1. Given contacts defined as C-alpha pairs under 8 Å and at least six residues apart, what's the relative contact order of chain C, whole-number percent?
2. In nanometres, what is the gap between the two model label sites at B:Gln218 and A:Asp89, each 7 Å from Cα along Cα-to-Cβ?
3. Just in region A:132-226: which GluC sites (Glu not before Pro) are loop by DSSP and have at most 12 other Cβ atoms within 10 Å?
4. Give me the angle, in degrees from 0 to 90, between the Cα long axis of helix C:208-221 and the longest principal axis of the Cα atoms of chain C, rounded to the nearest 10.
5. Can you bin region C:42-121 into rounded, prolate or oblate? Criterion: square roots of the alpha carbon gyration tensor eigenvalues sorted a ≥ b ≥ c, rounded for a/c under 1.5, prolate for a/b above b/c, oblate for the rest.
6. Suppose each label sits 7 Å from its Cα in the direction of the beta carbon; what would the C:Arg143-B:Arg48 distance come out to in nanometres?
7. How high is the relative contact order of region A:369-445? Use alpha-carbon pairs under 8 Å, at least six apart in sequence, and give a whole percent.
8. Per residue of the protein assembly as shown, what 222 nm ellipticity follows from adding -39500 (n - 2.57) for every DSSP H run with n ≥ 4, rounded to the nearest 500?
Amino acid sequence: MEASGETSADPVPPSDPKDAGDIGQTLHGWARDLFPIRRSITGNGVRRTLAYLKDRLPGLTLHEVPTGTPAFDWAVPDEWNVTEAYVEDESGRRVIDWADHTLHLMGYAEPVDAWMSRAELDAHLYSLPEHPDWIPYITSYYRRRWGFCLPHRQREALPEGRYHVVIRSTLEPGSLTYADLVLPGREPEEVLLSTYICHPSMANNELSGPVVTTALAQWLAALPDRRWTYRIVFLPETIGSIVYLSRHLETMRARTLAGFVVTCVGDERDYSLMPSRLGGTLADRVATHVLDHRVPRYTPYSFLTRGSDERQYCSPGVDLPVVSIMRSKYATYPEYHTSADDLSLVTPAGLAGAYGVLRDALGLLEHHGYYRMTSPCEPQLGKRGLYPTLSTKESGAMVRNMMNVIAYCDGRHDLLDLARVCGLYAGDVVPILETLQAADLCTWSKAPSDRGA
Amino acid sequence: MEASGETSADPVPPSDPKDAGDIGQTLHGWARDLFPIRRSITGNGVRRTLAYLKDRLPGLTLHEVPTGTPAFDWAVPDEWNVTEAYVEDESGRRVIDWADHTLHLMGYAEPVDAWMSRAELDAHLYSLPEHPDWIPYITSYYRRRWGFCLPHRQREALPEGRYHVVIRSTLEPGSLTYADLVLPGREPEEVLLSTYICHPSMANNELSGPVVTTALAQWLAALPDRRWTYRIVFLPETIGSIVYLSRHLETMRARTLAGFVVTCVGDERDYSLMPSRLGGTLADRVATHVLDHRVPRYTPYSFLTRGSDERQYCSPGVDLPVVSIMRSKYATYPEYHTSADDLSLVTPAGLAGAYGVLRDALGLLEHHGYYRMTSPCEPQLGKRGLYPTLSTKESGAMVRNMMNVIAYCDGRHDLLDLARVCGLYAGDVVPILETLQAADLCTWSKAPSDRGA
Amino acid sequence: MEASGETSADPVPPSDPKDAGDIGQTLHGWARDLFPIRRSITGNGVRRTLAYLKDRLPGLTLHEVPTGTPAFDWAVPDEWNVTEAYVEDESGRRVIDWADHTLHLMGYAEPVDAWMSRAELDAHLYSLPEHPDWIPYITSYYRRRWGFCLPHRQREALPEGRYHVVIRSTLEPGSLTYADLVLPGREPEEVLLSTYICHPSMANNELSGPVVTTALAQWLAALPDRRWTYRIVFLPETIGSIVYLSRHLETMRARTLAGFVVTCVGDERDYSLMPSRLGGTLADRVATHVLDHRVPRYTPYSFLTRGSDERQYCSPGVDLPVVSIMRSKYATYPEYHTSADDLSLVTPAGLAGAYGVLRDALGLLEHHGYYRMTSPCEPQLGKRGLYPTLSTKESGAMVRNMMNVIAYCDGRHDLLDLARVCGLYAGDVVPILETLQAADLCTWSKAPSDRGA
């Protein structure tokens, strides 16, 4: 047999391009539905978003954490909700209106109802001179203030005069909302998927994350005989992951095998990789392997350029093996944190591509473990029909891949090591290992063997 | 003294070119005697070959292992012997005759006596269109079939007509034959030399291996006060090493310090190195060091291109530190596994060169161990006549090599480490260490010291 | 705050160029005072030199070790003193006179009073044909002989005739003199500064060493609340450090955190670094870090080119973490060990530069240790006024350095690791760590934490 020519269909399928259209359209449809919802780190926008996702993931559980609840060095902030926010001129015309675009209002803006001059108003305006048609995204979670964001062109066109500023928001004790889903497997060790649901009306950062995570969770939920347990969480960035860790730290530290912060997975630009804090974890290794073999090119970033929940998951004292496989990384593309990060930047093909790469990574992880031949020396493949019986110059090359995998099934190389040392894609090593296991030539174990034992 | 300028004569002599002629002629003579013997993995050809070698190595012991004896995943196959094999045409002319060249008959061909058409015969013929004058080497050890091998030119010239195919072979319970020799040393740790004696009438692969190994064994047998024990084995490739390991695994795993599969050591092309499975063993290190310092250039191969008994010696569960220092590696040169791998390809100079390199490696291994100064700080070499007493700008450089060796004799650098860190050939470090030991400035030990102990 | 923009004034000040003039002049002045003293490895020149330094370092203690005292493989030699040494011609004219230049007399020359021919005299003369105006520096500590050193031009001009050679030296039991000073700190762990005081009338090698060491010792003595203990030793090269180690080995092995042989720190050429024997110690790391960040370029030498007391401090069985930060390394510059290594080669700017680099290294060492965040996840810097409260695209970059340091304060990265992994100069990391410690966000400890503990 030519071992490398056979691949089992499941669960390590290479992303099938003809599926990409379907899954991509589905994901893009979900993103379109979620786009208008007015999210922040707390409030009803989060709840509506999670309710929509729960319709697609029935096991998802929503949790409410009251304002003031301590979480390490932090406390859950007041809940923020808004009913109306606008600036009107003396004629009563609304020159800036939150109803037109969620980004017009600074996140966590305090309530205000006051008349002021053009100059007084301007001190509370935010715009981007270098992108005069885009609305920037601005928040002030932990200091009370207010502000409006608008296209620079619009700001410059505001005439002198008096303006009436109205923000009908509440900043009051309430709760922070997050959701999680734990899919049990044969083993207690966990794989973590974490994504955030606190950004209003932006698509690559962030809606791509929740929709791809939801589709991955559906795929995992349908997976027969899962090896690992999967923990899938949807939460507000930073404060959400801090709160979540404050409640699950011990379990997650003890059990997490690998994790992914799913963010910025929707555009069609090149892929990128945010490593874990120290690098070299199983998550780093599987992400690097899949990207090396599955995408034409990608940018490996330094952890110094981190910016999402790996800041908490990888922090000292937490130290989970968590990475991010992304397309255009946050803070590196011009549309980031502006109204231009929309559903034209994020496309069905972009979403489907990232979904496929992440699914491939999860599929390989399902086969993670240490493989060990059951007997010293090479097995006699011939008597099992696994080896050509006629020895010629060419026949040696025919079983090369299988023999190479056998040579390193020593209980100390895991799947990714086997692939690396044999110069193969791990997805092509899996069917070889399955053949060897079916012939009782090789056993799987969760932990490496002692050398020589 | 200029330490690097003095080398002791024995046992780390650089290969002396004027000896090369003698040893090369001897080795080539042995190869000429052995060439016509009709070897396979079992049978009388192996016995005759080993009997010839025993005449040169009196301690060599032959062993017979009965057909059916289990060896890990394998069992000893039936023994194969042949008395006659030919194809004759209707006129009674023998158009292919095993008597003309051993390679004409497929190894382990089953008996046959039948008339057939030119087309029926052709399905059992093997030839090399790209080398029309060479006979290929083909075997079928583990599936019963028959075949003849011949020059492609000859095959194409066979006219239509009826042919009488006769193979008078026996494939019956018998035994597998191998031989070994254990030369005891002061220490129980072993150095392994393994070579194979199952290929008929080919010279680089394989007769170069048994003749060079025999000469190395003679040299080791004559070595006064051997430090290590030497295990030297002659066996059929693959099944032979599997059988041997099945009988000696525990001892060999516990004791083997380094080992060499001796094969393809006869032509005059560049050297090559097959590393051990994981690399970095003492065998890898000594082979690399000797090749780096003793030959103009060599090819370091990947273990993925292995093909001889390192497949068994380095397999998971066996894991011996075994490498091959070769000239043209099997499966890389055009004449490999054909009648063109003959005694014009293998030459006295080619054999003598490889013999010298392997003997140098064994010579360095005899001095392997950890060297440790007996006192803190530099010793006072002057009072022992080891240091110039007049301090000038130049005198510093004179003892540089000795002082460098002293600086790293910390009980944690072995001989090869000392050579590497001091930028010297290990053969030039040995006399320095002997001088230091003679002056009680330094001690040898088999195992490294604990740091700082 | 822009963390990297703030640096505390003390004790990690970058060398201030406007101080360089003052300290440089002071050091050069000391060197001028010490230059004429006739030093060797024993004798009154050493005592006078140490007495001069004690006037500047009141705590310095002089020790006398009697001739014959054993020290590992060595013994303290006879003490050497000279009252007069010259060669006069038949007319009574002194053609070579030790009174003119200390280097004229071979170090440890035995007494002589004899008439001889020009040819007999010449066998005892040393000169440098390639530098005909320089006097070479020659010694013969451990074999009795005598000799004179002179410019080659002068040697060639000596006419035939009879010469009267007079050396009024004593080579008799006496003692070897060295001095040390231990400045206690909060912790028993020690930093070693070692320099030598046995070379007569040469400036880069050696007077630059004792004067820079004296100034560093003054700075350390004045340092408020020293963390570490400092051991500062002035001794004759080789025999002095061997004797010193023979008396303090156990303490120094147990306590030495890092050490520096201070030598060749006076000219204005490029910097150089002599690593420790195995490299990678705290001394190697701090020296490399300071040189990487503080000087335009430097030469990292191999330990194989060592030549000063690191030969003893780093020897097997001693193994202290000792390096040398130098300017022009001994044995690499043309003036080395000649009369041209004088106080025009060594300059105030050269001395001040090396003093500054070494002081920076000591300043960083004072902050060596392992820093660990007191709570999992990122701290809430905002509530402590350490974080901008308005989240914009730019604000992320503003606290980047502090956040990066926080991300690696895991109790397993020491100060130099933190600097390296964050891409910062360690002197810029110190104020960030001080801020975090002041806010109780981070703790210091001497030893690394267990992973994950």
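The values are calculated or read from the model by the stated rules, or taken from the named source; none is laboratory data. The shown structure was predicted, so the numbers you read here are calculated from the model rather than taken from an experiment. Counting neighbours? That spans all protein chains shown, and the Cβs are built from the backbone with ideal geometry, glycine included. To get the accessible areas, we keep the full protein, side chains included, count just its heavy atoms, and leave off ligands, DNA and RNA. Shrake-Rupley method; radii C 1.70, N 1.55, O 1.52, S 1.80 Å.
1. 19
2. Placing both labels 7 Å beyond Cα along the Cβ direction yields 11.0 nm.
3. Values: sites: A:Glu156, A:Glu160, A:Glu189, A:Glu190, A:Glu206; in loops: A:Glu160, A:Glu189.
Answer in residue order: A:Glu160.
4. Helix C:208-221 sits roughly 40 degrees off the main axis of chain C.
5. Oblate, since a/c reaches 1.5 and b/c is not below a/b.
6. My value for the distance between the label points is 6.9 nm.
7. It comes to 49 percent, rounded to a whole number.
8. It comes out at -9500 deg cm²/dmol, rounded to the nearest 500.
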